[in-house]
Amino acid sequence: MAVFRETAVRRFESAMACDVLSHYPGEAESLGGPETVLAMIRRTIDYGRTLGFETERDLAALINLTAAYGEPFEEKVGDADIVDVLRDREIVPSTRIELVLQMLPEG
């Protein structure tokens, strides 16, 4: 089972790398290219798991936020309320992501 899980994780990482490279080309270039994008994705997955995020949907949203804003995105945005919501373990992870997305500045 561990082999299947690892294969699924690598597939997800690869799909997210393609997504970041295509949707955030400037940010990906500033990171240094595909290998550093993949490293950022892995760090973000690890970080997301420390926050209790486990689903691909929630981790993908966190990766996209990190690609758009930088690491760690919640500090780059500079909104203490976003940090509080993101880290509030009394709120279901998917709800936290939705709330954070609603709280982000327009534009």
query = What accessible area per residue, rounded to a whole number of Å², is obtained for segment 3-42 using a probe radius of 1.4 Å?
reply = 63 Å²
inquiry  = Hydropathy at least -1.0 by Kyte-Doolittle, axial extent at least 27 angstrom from the Cα trace: which helices of the chain, defined as entire DSSP H runs, fit?
reply    = 2-23
remark   = Whole-percent carbon and sulfur contribution to the accessible surface of segment 13-102 (1.4 Å, no ligands, DNA or RNA) stands at 53 percent
task = Would you mind calculating the relative contact order of the chain from Cα pairs under 8 angstrom and at least 6 residues apart, reporting the percent as a whole number?
result = 21 percent
query = segment 17-107: Rg/Rh from Cα coordinates, Kirkwood Rh?
reply = 0.95
Within the chain, helix-based [θ] at 222 nm, where runs of 4 or more DSSP H residues each add -39,500 (n - 2.57), nearest 500 = -24500 deg cm²/dmol
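The values are calculated or read from the model by the stated rules, or taken from the named source; none is laboratory data. As the structure is a prediction and not an experimental result, all values here were calculated from the model. Areas reflect the complete protein model, heavy atoms only, side chains present, ligands, DNA and RNA absent. Shrake-Rupley method; radii C 1.70, N 1.55, O 1.52, S 1.80 Å.
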